[in-house]
Amino acid sequence: MKHFLCKVAGCWLSICLLSCGAPSPMLKGTGETATVALQNGVNYEVEIIAVQDSMLLCIGDGAPAAAPASVAARRIMGVRPEKVASLTVAGFRNNRWVIGVVVFQLLPAVGIAVAAGSANVEDPLAVGLVCAIPAALTALAFAGSGEPTPSFDGPLSRQDLEAIRMYARFPGELTPAQVEDLLHSYNQKEITELK
C-alpha cells in the first residue's frame, strides 16, 4: 500500500510540474518566428534575424505561408518597413494551464457527481455542476491573462522597428561585413528582397 501511495504522489507531482510553467519569452539562439504580411496580400513565415535602418532581415524559404516549407531553400530575405502590412510574432501564449484545471478541478468535480449519484443524492448532476464552478472560474482567469501576441501594423515606424529588435536573433544592426558573412553562410551573393 505504501508503494502504491508513493507512485500516486509521484504522478501527482509530475502533473503539477508539467501544468505549472511560466510563459517562455526567454533568450535562445535563434530569432523569433513571425508572420510578415506584405501590402500586396502575400504572407511569409520567417525567422527575424536583424533590424537594419532600411530593411528587416529574415530567414525563410521565400514561399508564401500557405505553400509547403522547404528547409533546403531557406535563405536570407529582406523586407522594407514601408512594404509591411502587418508583422505578428508567434509562440507567446502559454496554454499549459489546461492540464492542471482538468486534472485538479474538473475531474474531481466529475468524481463528486458520480459519488453523489451512487449515494442516491436527489440531483447528482447539479452537485457536479456546482463543483465545476471553480474550474470554470480558473479557466476564465487563465484564458484572460497571459501575454498578448506581439503584433505590429504597417507600414512599420521607427518605434515599431526598435520594438521588433528584441525578437531578432541579432538585436543590434549588422555591419556590412556581418551581412556578407551571413549571406556567405547561406550561399547567397545578395539579400532576396520581398516585394
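For this structure, a couple of remarks:
The rows are residues; the columns are (1) within 28 Å of Val179 (Cα to Cα); (2) aliphatic (A, V, I, L, M); (3) modelled with pLDDT of 90 or more.
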residue: Ile15; (1), (2), (3): no, yes, no
residue: Ser19; (1), (2), (3): no, no, no
residue: Ser24; (1), (2), (3): no, no, no
residue: Glu32; (1), (2), (3): yes, no, no
residue: Leu38; (1), (2), (3): yes, yes, yes
residue: Ala66; (1), (2), (3): no, yes, no
residue: Pro81; (1), (2), (3): yes, no, yes
residue: Val84; (1), (2), (3): yes, yes, yes
residue: Gly100; (1), (2), (3): no, no, no
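- Which listed residue is under 29 Å from the mean Cα position of the chain (by Cα) and in the same structural domain as Val42 (by TED's automatic domain parsing), from Val89, Val102: Val89
- Meets criteria (among the basic types (Lys, Arg) and in contact with a Gly (Cβ under 6 Å, 6 or more places away or on another chain)) for Arg169: yes
- Meets criteria (at pLDDT below 90, loosely packed, with under 12 Cβ neighbours inside 10 Å and assigned by TED's automatic domain parsing to the domain that holds Ile49) for Gly172: yes
- Residue count for the stretch 75-107, restricted to those that are of a type in the set (D, E, K, R) and part of a strand (DSSP E or B): 1
- Among residues of the stretch 93-132, those that are surrounded by 14 or more Cβ atoms within 10 Å (Cβ to Cβ), touching a Gly at 6+ places or on another chain (Cβ under 8 Å), touching a residue at least 12 places away in the same chain (Cβ under 8 Å) and not β-branched (Val, Ile, Thr), counted: 5
The values are calculated or read from the model by the stated rules, or taken from the named source; none is laboratory data. Because the structure is a prediction, the values reported are computed rather than measured. Please note: Cβ atoms are built from the backbone with ideal geometry, for glycine as well, and neighbour counts cover all protein chains shown.
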